Amino acid sequence: MKNAILLTSAGAVLMAFLLMSFSAYQQKQPEPWPVPAEYKNMANPVKADEASVKLGAAAYARNCASCHGRTGLGDGPKGRALKTFSGDFSGAAYHNQTDGEHFYKTKFGRGEMPAYDKKISDTDMWHMVNYMRTFKK
Ligand code: HEC
C-alpha cells in the first residue's frame with residue numbers, strides 16, 4: 001500500500017515535470033506585423049517564371065531553410081529552437097499577404113527574423129518571394 005502511494009506520487013511529479021518542460025518549449029505566435037502601404041502595394045518587378053522560382057529556391061535553401069524549414073513550415077533545425085514561431089508559409093495567413101509584404105519582412109526583419117537588406121540583393125529577394133509562393137495552401 002505504501003509503495004503504491006509512493007509510486008503514484010512519483011508518477012504525479014514526473015507528469016508535472018513533463019508538462020512544465022513541454023510548455024517551456026512552446027513557441028510564442030508572432031505578433032501582428034504591420035507593413036507600410038508603400039511596400040504592401042509594391043508591384044513585384046520579377047516575373048514568377050520557372051527561372052526565377054529556381055533562383056529563389058537556391059537562395060532560400062542557403063539562407064532561410066535552417067529556420068523556416070525546407071517546405072516553409074517553420075520546422076528547420078534552427079527554427080525549432082527559436083522563441084518565436086517563424087510562420088507557416090503553406091497557410092492562408094501567409095498567402096493572403098501581398099508579395100510586397102513578404103518582400104518587406106525579408107528585407108528588414110524583426111526580432112529573431114534577420115534583416116537581409118545588406119546581405120541579399122532586392123532582385124534575389126523577389127526571386128525568393130516567388131519561390132515561397134510555391135509552398136501551397
Ligand atoms: C534565424 C531564423 C530565421 C532565418 C534564418 C530566417 N527567418 Fe524569416 N522569420 C523568422 C522568425 C522568427 C519570423 C517571425 C518574426 C516575427 O513575426 O516576429 C520570421 C518571419 C518571416 C516572414 C514573415 C512571415 C509571415 O507570415 O508574416 C517572412 C516573409 C520571412 N521570415 C522570410 C524569410 C526569408 C526569405 C529568409 C531567408 C532569406 C528568412 N526569413 C530567414 C526567423 C528566421
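The values are calculated or read from the model by the stated rules, or taken from the named source; none is laboratory data. The model shown is predicted, which means the values in this text are computed figures rather than measured ones. When we count neighbours, we look across all protein chains shown, and the Cβ atoms used for this are built from the backbone with ideal geometry, even at glycine. When the accessible area is computed, the model is the full protein with side chains, heavy atoms only, and any ligands, DNA or RNA have been set aside. Shrake-Rupley method; radii C 1.70, N 1.55, O 1.52, S 1.80 Å.
For region 36-72, the set of residues classified as open to solvent by 50 Å² or more (accessible area, probe 1.4 Å), aliphatic (A, V, I, L, M) and in contact (Cβ under 8 Å) with a residue 60 or more places away in the chain consists of MET42, ALA48, LEU55, listed by residue number. Criterion applied to SER9, SER21, SER52, SER90 was being small (Gly, Ala, Ser), within 24 Å of LYS118 (Cα to Cα) and either at pLDDT 95 or above or part of a helix (DSSP H, G or I) (or both), and the one residue passing it is SER52. The residues of region 77-96 that are farther than 11 Å from GLN27 by Cα, of a type outside the set (D, E, K, R) and either more than 9 Å from the ligand (Cβ to nearest atom) or touching a residue at least 12 places away in the same chain (Cβ under 8 Å) (or both), listed by number, are PRO77, PHE89, SER90, GLY91, ALA92, TYR94, HIS95, ASN96.
Selection over region 59-87 of residues that are within 22 Å of ASN44 (Cβ to Cβ) and part of a helix (DSSP H, G or I) gives a count of 7. Search region 93-137 for residues being touching a Gly at 6+ places or on another chain (Cβ under 9 Å) and acidic (Asp, Glu), and hand back the single one that is farthest from GLY69 (Cα to Cα). Residue satisfying both the conditions and the ranking: ASP117. The number of residues in region 102-123 that are in a helix (DSSP H, G or I) and near the ligand (Cβ under 7 Å from one of its atoms) comes to 3.
Restricting attention to region 92-119, and to residues there that are among the aromatic types (Phe, Trp, Tyr) and touching a Lys or Arg at 6+ places or on another chain (Cβ under 8 Å), which single residue is surrounded by the most Cβ atoms within 10 Å (Cβ to Cβ)? Among those that are among the aromatic types (Phe, Trp, Tyr) and touching a Lys or Arg at 6+ places or on another chain (Cβ under 8 Å), it is TYR104.
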